[in-house]
Number of protein chains: 4
Amino acid sequence: MAKSPLVVTDVPRGAGRPRSDAVRAAVLAAAYGLLLETPLGGFSIEAVALRAGVARTTIYRWWPTKGLLAIESFLDGFKPKLSYTAGDDPEKAFRKLLASLARALSGPDGRVAASVVAQAQSDPETQRIFREQFSDPLRVETSKLIEAGIAQGRFRADLDVPRVIDAAVGAIYLRLLLGQTLDARWADSLADMLLGGMVTR
Amino acid sequence: MAKSPLVVTDVPRGAGRPRSDAVRAAVLAAAYGLLLETPLGGFSIEAVALRAGVARTTIYRWWPTKGLLAIESFLDGFKPKLSYTAGDDPEKAFRKLLASLARALSGPDGRVAASVVAQAQSDPETQRIFREQFSDPLRVETSKLIEAGIAQGRFRADLDVPRVIDAAVGAIYLRLLLGQTLDARWADSLADMLLGGMVTR
Amino acid sequence: MAKSPLVVTDVPRGAGRPRSDAVRAAVLAAAYGLLLETPLGGFSIEAVALRAGVARTTIYRWWPTKGLLAIESFLDGFKPKLSYTAGDDPEKAFRKLLASLARALSGPDGRVAASVVAQAQSDPETQRIFREQFSDPLRVETSKLIEAGIAQGRFRADLDVPRVIDAAVGAIYLRLLLGQTLDARWADSLADMLLGGMVTR
Amino acid sequence: MAKSPLVVTDVPRGAGRPRSDAVRAAVLAAAYGLLLETPLGGFSIEAVALRAGVARTTIYRWWPTKGLLAIESFLDGFKPKLSYTAGDDPEKAFRKLLASLARALSGPDGRVAASVVAQAQSDPETQRIFREQFSDPLRVETSKLIEAGIAQGRFRADLDVPRVIDAAVGAIYLRLLLGQTLDARWADSLADMLLGGMVTR
DNA sequence: CTCTAATCGAGACGGTACGTCTAGTCTTAGT
DNA sequence: ACTAAGACTAGACGTACCGTCTCGATTAGAG
């Protein structure tokens with residue numbers, strides 16, 4: 001794992017005590033744990049420091065805002081097992097992808113994602129990083145999968161892929177943010193509906 | 001407009017000094033104004049009280065949490081001009097509806113909506129009210145519009161209407177929450193994509 | 001008992017609902033009870049109103065300040081059984097008087113007196129009433145008793161009676177206010193000391 | 001002057017930013033000033049913080065209750081010039097001592113003392129400290145002075161010294177707390193009366 | 001036997017201070 | 001140069017009372 005995907009740390013490495021990786025890991029783990037367990041806004045630098053057994057000052061040195069700490073811990077700890085395996089049946093692959101995303105966000109980790117999105121509303125920097133580091137990569141992978149289906153002639157050639165992704169991901173997030181269940185049946189019916197306009201006839 | 005959409009106030013008017021409607025209006029206006037102008041989390045009861053020229057305690061008397069104040073001010077102040085006019089062309093009507101929703105959320109009022117959704121992540125009660133008082137009614141109207149199209153035979157009879165709405169509204173919200181532009185062109189391309197699977201052939 | 005020793009109520013008595021004596025009594029009793037039970041500053045108009053089952057406004061109508069309510073309830077409720085019986089032995093009478101005052105102030109009622117004196121430090125009006133309605137009458141009675149002793153030739157003719165009272169009462173109050181025990185033995189030793197300079201030889 | 005007469009601060013000096021003595025002094029001075037100038041209960045932590053130019057939280061860190069702040073500022077600021085000089089005439093020394101105590105308490109500083117005693121009525125801890133840090137030392141010194149007189153044979157050998165002090169100090173406090181003048185003439189007449197029973201014949 | 005005027009109860013309202021929590025900054029000592 | 005510890009400024013939190021106010025309901029005596 002790289003030191004930090006968000007902060008450039010390629011300084012030539014001068015003298016002095018080197019940064020403790022143990023501290024960084026402890027902080028991120030504590031932050032993620034707090035986001036997991038206290039959905040009701042109990043996420044404070046104070047609490048993270050206490051749980052990580054780390055001085056508050058140390059956190060401030062490395063993470064300028066609460067939002068950036070939250071999102072880095074999210075990127076560090078949230079590893080959804082998404083199914084990008086195209087296989088030979090693009091419809092099935094699309095269906096599986098939506099289902100795996102819904103499942104990943106339906107549990108407690110989903111609350112973390114929702115918290116991060118909420119944080120991002122009051123911090124453009126957090127918003128940008130969420131988009132670039134989490135949202136966009138996911139879209140790229142999904143794009144590839146759909147375009148494979150187009151190449152196979154199974155999906156319509158004139159399909160507006162980015163819009164499909166907007167709709168699919170947006171629907172999932174909306175349910176997450178409104179506190180509604182994200183079960184497999186629902187994910188499947190969403191895939192059904194979207195595929196209705198995607199498949200060639 | 002009724003006194004309050006959230007609280008039942010049909011008590012037969014007992015003794016005691018009656019609640020001042022001027023105060024209620026001033027607080028809600030101040031709250032909405034703050035949500036509009038200070039996107040960066042500057043929404044505090046303190047600030048609302050100051051701006052409304054009202055005692056802080058008065059706010060606490062009527063709004064138990066920040067979230068409930070935020071959402072009531074949102075419901076009171078956010079009146080999107082949505083186009084539910086079915087007309088005789090369901091496709092056009094659907095297109096117009098999506099466009100009007102996108103437009104309504106693209107301006108500063110959209111930031112208010114985003115803030116409210118963010119607040120709702122740390123307050124289930126706020127979340128519930130947002131869903132019941134804002135989200136659901138909008139879905140019902142949209143449903144009617146789509147079903148009119150089905151009745152006219154212009155939309156597929158087996159259309160999964162709730163899923164279509166999930167996708168449409170979800171896509172719009174996603175862009176809003178990720179801080180991306182919500183222009184007419186984008187809304188139109190979204191409508192195109194969805195209609196691709198909705199219209200009969 | 002007169003309506004109120006503190007407030008003039010000799011208005012000509014026009015029309016309208018007359019003041020309820022039940023309310024007055026309930027308030028004073030509640031106030032005294034609170035002063036008895038919550039020595040730690042838990043004496044608020046709010047609490048008195050609640051305990052008396054009376055509207056807060058009603059209290060404000062009749063008692064302009066907290067101090068005046070406190071002292072009126074004290075005067076109304078604190079009825080020490082002081083021994084002013086001169087008898088034929090002035091020494092014994094003096095001794096008994098000091099003992100009875102110490103005993104009266106040693107129990108919970110003593111805490112009430114201390115509270116009132118404390119209140120009086122931030123309200124000159126309360127201070128004045130305490131002096132005039134409680135302290136001075138007690139001094140007058142004590143004076144008589146001592147002067148009877150002088151008349152009998154048992155106490156020194158040139159005795160500075162007010163100073164003796166200052167010393168006796170002051171010593172008792174000091175112990176009360178410093179939270180020290182006010183037992184009979186102590187009261188007796190105080191009387192001994194004072195009599196040492198009072199009796200003729 | 002030691003750091004604090006109330007709190008032991010002999011810890012070996014660990015890590016962390018050291019406590020600012022400037023802040024401590026500013027707070028105590030502000031507190032004493034408020035006690036001096038606003039006899040009518042205007043002594044609030046809020047006001048002290050404002051006057052001292054210090055954050056409210058800093059005060060709470062070091063002084064758990066209002067009473068303890070009041071008394072520490074009193075002990076820090078009230079330095080009566082008491083006359084404990086025995087000299088060769090015990091009567092004169094006793095007289096001077098009473099006069100100097102009365103004078104010290106007759107001015108605005110006397111109001112501070114009264115306020116502190118009032119505060120102590122709703123806070124046993126404050127009461128205890130007042131007794132131990134202010135009252136008792138004063139008694140010890142007075143004791144010495146009187147006992148010197150006994151040793152010289154000028155005061156009665158069987159004199160109950162603590163009771164004499166109770167009477168003398170109590171009388172002074174009583175007048176202070178009842179808002180009566182504490183002039184030299186009065187102090188002298190008190191001394192006269194007490195000495196009447198103290199001197200040998 | 002109604003009118004009328006004061007009371008009492010109820011509760012909203014603008015305030016002040018409370019004591020707590022968290023955010024950030026700063027200043028030391030230790031590694 | 002980093003970490004740990006902790007003092008400090010700043011300010012919002014939610015609560016408790018304060019004292020004022022506006023009502024409705026009640027309760028006598030006066031007309």
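Averaged across the residues of B:103-109, what count of C-beta atoms belonging to other chains lies within 10 Å of each residue's C-beta?
Mean shielding count: 0.
When N is the residue count of the stretch A:82-198, what does its C-alpha Rg come to as a fraction of 2.2 N^0.38 Å?
Normalised Cα radius of gyration, the stretch A:82-198: 1.08.
For chain A, modelled as a Gaussian network with Cα springs under 10 Å, which listed residue fluctuates most, A:Ala151, A:Ala47, A:Ala184?
A:Ala151
To test your reading of the geometry: what angle, between 0 and 90 degrees and rounded to tens, separates the Cα axis of helix A:184-198 from the longest principal axis of chain A?
With rounding to tens, the tilt is 50 degrees.
Taking the Cα atoms of the stretch D:84-138, report the difference between the largest and smallest coordinate on each principal axis, in whole Å and largest first.
43, 23, 11
Are there trypsin sites (Lys or Arg not before Pro) in the stretch B:39-122 that DSSP puts in a loop and that have at most 13 other Cβ atoms within 10 Å, and which ones?
Loop-located and lightly packed - B:Lys81.
Take the Cβ-Cβ distance between A:Ile45 and D:Arg19 as r, set R0 to 22 Å, and report the resulting FRET efficiency rounded to the nearest 0.05.
Given R0 = 22 Å and the Cβ-Cβ separation, E is 0.40.
Can you return the lysines within cross-link range of C:Lys92? Criterion is Cα-Cα under 27 Å, with same-chain partners fewer than 8 residues away left out.
C:Lys79, C:Lys81, C:Lys144
Quickly work out the A:Glu91-to-D:Thr85 label distance, labels modelled 7 Å from Cα along the C-beta direction, and quote it in nm with one decimal.
11.3
With every atom except the alpha carbons ignored, what do you get for Rg and Dmax of the stretch A:129-201, in angstroms?
When restricted to Cα atoms, the stretch A:129-201 yields Rg and Dmax of 13.2, 40 Å.
Can you tell which of A:Ser44, A:Ser73, A:Ser100 shows the greatest fluctuation in a Gaussian network model of chain A with Cα springs below 10 Å?
A:Ser44
So the label point sits 7 Å from Cα along the Cα-to-Cβ vector; using that for A:Gly153, what distances do you get to the other copies, in nanometres, sorted shortest first?
Sorted ascending, the copy-to-copy spacings read 3.3, 13.8, 14.5 nm.
How far, in degrees from 0 to 90, does helix B:90-106 lean away from the longest principal axis of the Cα atoms of chain B, to the nearest 10?
30
Using only atoms on other chains, find how many Cβ atoms lie within 10 Å of each Cβ of peptide B:131-143 and report the average.
1
Please quote Rg/Rh for chain B to two decimal places, taking the Kirkwood radius as Rh and restricting both calculations to Cα atoms.
1.05
In deg cm²/dmol and to the nearest 500, what is the mean residue ellipticity at 222 nm of chain D if only DSSP H runs of at least 4 residues count, each as -39500 (n - 2.57), divided by the residue total?
Calculated mean residue ellipticity at 222 nm is -19500 deg cm²/dmol.
Give the span of the stretch C:44-121's Cα atoms along each principal axis, as three whole-Å numbers ordered largest to smallest.
Per principal axis, max minus min of the Cα coordinates gives 53, 20, 19 Å.
Note down the relative contact order for the stretch C:82-198 as a percent, whole number, built from C-alpha pairs under 8 angstrom at least six residues apart.
38
So what are the three principal axis dimensions of the protein assembly as shown from its Cα atoms, in whole Å, longest to shortest?
Taking the Cα atoms of the protein assembly as shown, the three principal extents are 132, 86, 35 Å.
Sorted from shortest, what are the nm distances separating the label point of A:Val140 from equivalent points in the other copies, each placed 7 Å from Cα along Cα to C-beta?
4.5, 7.9, 9.9
Pairing the Cα long axis of helix B:161-177 with the longest principal axis of chain B, what angle in degrees results, from 0 to 90 and rounded to the nearest 10?
Once rounded, one gets 60 degrees.
Quick one: with label points 7 Å out along Cα→Cβ, list the inter-copy distances for B:Glu46 in nm, shortest first?
Copy-to-copy label distances at B:Glu46, shortest first: 1.3, 1.4, 2.1 nm.
Just counting partner chain Cβ atoms within 10 Å, what average do the residues of peptide A:120-126 show around their Cβ?
The shielding value for this peptide is 5.
How high is the relative contact order of chain B, given as a whole-number percent (alpha carbon pairs under 8 Å, six or more residues apart)?
Relative CO of chain B lands at 20 percent.
Once the stretch C:14-76 is represented by equal point scatterers at the alpha-carbon sites, with solvent omitted, what log10 I(q)/I(0) does the Debye formula produce at q = 0.12, 0.24, 0.29 Å⁻¹?
-0.27, -0.98, -1.39
The numbers here are math on the coordinates, done by the rules we state, and not lab data. Please read these numbers as outputs of a predicted model, since none were measured by experiment. Cβ coordinates were reconstructed from backbone atoms using ideal geometry, including for glycine residues, and neighbour counts include every protein chain displayed.
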